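Right, one structure below, let's go through it.
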Amino acid sequence: MTSPLRALLCAVVVSCVTFGCGKSEAPKPIKSGGTKGKPAPASSDASTPKTPVTTPATAVSVPKVADLKVHDLASLKAHVKAQKGKATVVAVWATWCAPCIAEMPTLAAFYEKHKDKGLRVVGLCVDDRAEDGMGEKIQQVLEKVKVPFEMALLKPETDEAFFKGLGVEWDSGLPATVVFGPTGEKKLYTRKALTHEYLDQHVLPLVN
């Protein structure tokens, strides 16, 4: 091999070693985060709004039977005046009255919805807690219904006088509901079961 040809061959070899021979591929960008088949996790950013945490509703405090107020008609009217509400629904009930207990959730929902408008509610039990085992039965109902409104007791042996003082005929049947105005005057009396429709139609106007 002549010297000029040998020099040319050496130049070609040096060029391939230094710069590479053939077409080279551009480097591919590297993806950050995540694994195969899964999106990359979102980066934490202090400016990103967080989902607000909902505070659970406060649990209803169940009263003890021994702590319940005891009313006759006069003291109940005085209590209604002291509350300074627009209307007070008094739901008369007893432990043996299944419809009385069944309607309490409806009355509780109505109270929660309209209490800010001045609605007041009192559940008035006619059972005598002093009778054997009756205090425990009343407590069991209180624990079962867990209503947000006030519970009270009717003074023993005054149920007939209570209804007579309201000027209504009472046949000892329950449930019975009385609605008082802000000064203690009777606005409504019914023996009908309390439904959402009945409360909206007959009681809500007394509140508004």
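The values are calculated or read from the model by the stated rules, or taken from the named source; none is laboratory data. Just so we're clear, the structure is a prediction, and the values are computed from it rather than from any experiment. Cβ sites come from the backbone with ideal geometry, for glycine too, and all protein chains shown count toward neighbours.
Of the residues making up the stretch 167-192, those that are within 20 Å of LYS84 (Cα to Cα) and in contact (Cβ under 8 Å) with a residue 60 or more places away in the chain number 9. The residues in the stretch 86-121 that are part of a strand (DSSP E or B) and of a type in the set (Ser, Thr, Tyr) can be counted, and the count is 1. Quick check, is THR195 loosely packed, with under 15 Cβ neighbours inside 10 Å, out of contact with any strand residue (DSSP E or B) (no Cβ under 7 Å at 6 or more places or on another chain) and at pLDDT below 95? So THR195 fails the test.
Kindly indicate whether LEU174 is aliphatic (A, V, I, L, M), touching a Pro at 6+ places or on another chain (Cβ under 9 Å), assigned to a helix (DSSP H, G or I) and modelled with pLDDT of 95 or more.
Numbers: aliphatic (A, V, I, L, M): yes; touching a Pro at 6+ places or on another chain (Cβ under 9 Å): yes; assigned to a helix (DSSP H, G or I): no; modelled with pLDDT of 95 or more: yes.
Spelling it out, it is not the case that LEU174 is aliphatic (A, V, I, L, M), touching a Pro at 6+ places or on another chain (Cβ under 9 Å), assigned to a helix (DSSP H, G or I) and modelled with pLDDT of 95 or more.
Filtered by the rule that a residue be exposed (fewer than 14 other Cβ atoms within 10 Å of the Cβ) and either under 29 Å from the mean Cα position of the chain (by Cα) or modelled with pLDDT of 95 or more (or both), the stretch 162-171 gives LYS164, GLY167.
Quick test for you: out of THR158, THR183, pick the one residue that is closer than 22 Å to ALA78 by Cβ, exposed (fewer than 15 other Cβ atoms within 10 Å of the Cβ), of a type in the set (S, T, N, Q) and more than 29 Å from the chain's Cα centre (by Cα).
On inspection, the qualifying residue turns out to be THR183.
For the stretch 43-62, the condition holds for at least one residue, the condition being that it is modelled with pLDDT of 90 or more and surrounded by 10 or more Cβ atoms within 10 Å (Cβ to Cβ). Across the stretch 78-130, the qualifying residues are those that are buried (at least 17 other Cβ atoms within 10 Å of the Cβ) and among the basic types (Lys, Arg), and the one among them that is nearest to GLU143 (Cα to Cα) is ARG129.
Test ASP132 against the stated conditions and say whether it is among the acidic types (Asp, Glu), in contact with a helix residue (DSSP H, G or I) (Cβ under 6 Å, 6 or more places away or on another chain), outside any helix (DSSP H, G or I) and within 21 Å of ALA66 (Cβ to Cβ). Taking the combined requirement at face value, the residue does not satisfy it.
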